[in-house]
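Student: Following this message is one structure expressed as structure tokens.
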Amino acid sequence: TASTADERLTSHDSIDFTFDADTFNYNDVKIYVWAEDNSGNKVEENSAITYSFGIDVTAPKIAVSYDNNSAQNEKYFKADRTATIVVTERNFDPSNTKINTQDAAAVSGWSYTRGSMANGDDDKWSCTVAYTKDGDYTFGITTADLLGHDGGTPDYGSSVAPTLFVLDKTKPTITISFDNNSVANGKYYNAHRTATVLVHEHNFSSEGARVTATAQILEGTVDTPVAGTWRTVGDDNKADVPF
């Protein structure tokens, strides 16, 4: 049981500290506490209490740029394409960063670049997504930092077709066949003859395909053959030219 004198020697006090989030927007905020009583008794420096914590009020920023923006018909590319992703964030969380694209794309690991700001808010994390195989591609990315701040909508800058595009490095092939091959004297036929033009191409466009034929006769006139409507089955695209 404490005596009256002991009770007078025992005292407790508390102080509340408020740290302004904008002012103390750092990862290494520290509280250093020591005490000295009225008799000069003090906590030794090596026994002082130190408490560390961080404050982060800044959301991540996502920037995406492509090295190849030479598109045909708005979204078609005939050469490899690489996307570079840069996330500006102090407390980056790669496990909470999702890159949405097809398996044919090659996604690199993340690399870190320290920024110039004292609190690290301009630190950058980068990776690349390489597209080298023919295919129809979609792209998307989401991120959130260790505190749950969402990165929001990426900034694609001036990139062309950044989220939906087609990579096609394969040239079309053309085959022509005739239904009448009953030839006389090397090049003469005594019946109608139809040529079938076959263009093998996955991303075929009839506007980009031109079939031309000429016709002449010594006397009178003759109609120039005109290709019919294109018909498509899979990657095979055919048109008939009747003579």
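Student: Placing unit charges on C-beta atoms (Lys and Arg positive, Asp and Glu negative, everything else neutral), compute the dipole magnitude of the chain about its Cα centre in debye, rounded to 20. Write out the running numbers ahead of the final one.
Tutor: Details: 19 positive and 35 negative charges, 390 e Å.
The calculation lands at about 1880 debye.
Student: In the Gaussian network model of the chain, springs joining C-alpha atoms below 10 Å, which of Gly135, Gly151, Gly220 carries the largest mean-square fluctuation?
Tutor: Result: Gly220 has the largest fluctuation of those listed.
Student: Further, regarding this structure: Taking 0.36 nm per residue of sequence separation and subtracting the Cα-Cα distance, how much length would be gained by fully extending the chain between Ser52 and Ile15, in nm to one decimal?
Tutor: Values: separation 37, 0.36 × 37 = 13.32 nm, distance 1.71 nm.
Between Ser52 and Ile15, full extension yields an extra 11.6 nm.
Student: Sticking with this structure for a sec: Of Gly40, Trp110, Asn181, which is farthest towards the positive pole of the chain's charge dipole, taken about the Cα centre with +1 and -1 on the beta-carbons of Lys, Arg and Asp, Glu respectively?
Tutor: Asn181
Student: Positive end of the dipole of the chain, charges at C-beta (+1 Lys, Arg; -1 Asp, Glu), about the Cα centre: which of Thr194, Ser206, Leu147 has its Cα farthest in that direction?
Tutor: Thr194
Student: Counting every Cα pair in the chain, what percent are over 33 Å apart? Could you put the intermediate results ahead of the total?
Tutor: Working: 16570 of 29403 pairs.
Across the chain, Cα pairs with separations above 33 Å total 56 percent.
Student: Could you tell me, in Å, what Rg and Dmax come out for the Cα atoms of segment 58-157?
Tutor: In Å, with Rg to one decimal and Dmax whole: 14.5, 46.
Student: Determine which lysines satisfy two conditions relative to Lys133: a Cα distance under 17 Å, and not lying fewer than 8 residues away in the same chain.
Tutor: Lys75, Lys78, Lys169, Lys171
Only the coordinates and a few stated rules stand behind these numbers; no lab work does. From a predicted model like this one, the values you see are computed outputs, not experimental measurements. Backbone-built Cβ (ideal geometry, glycine too); neighbour counts: all protein chains shown.
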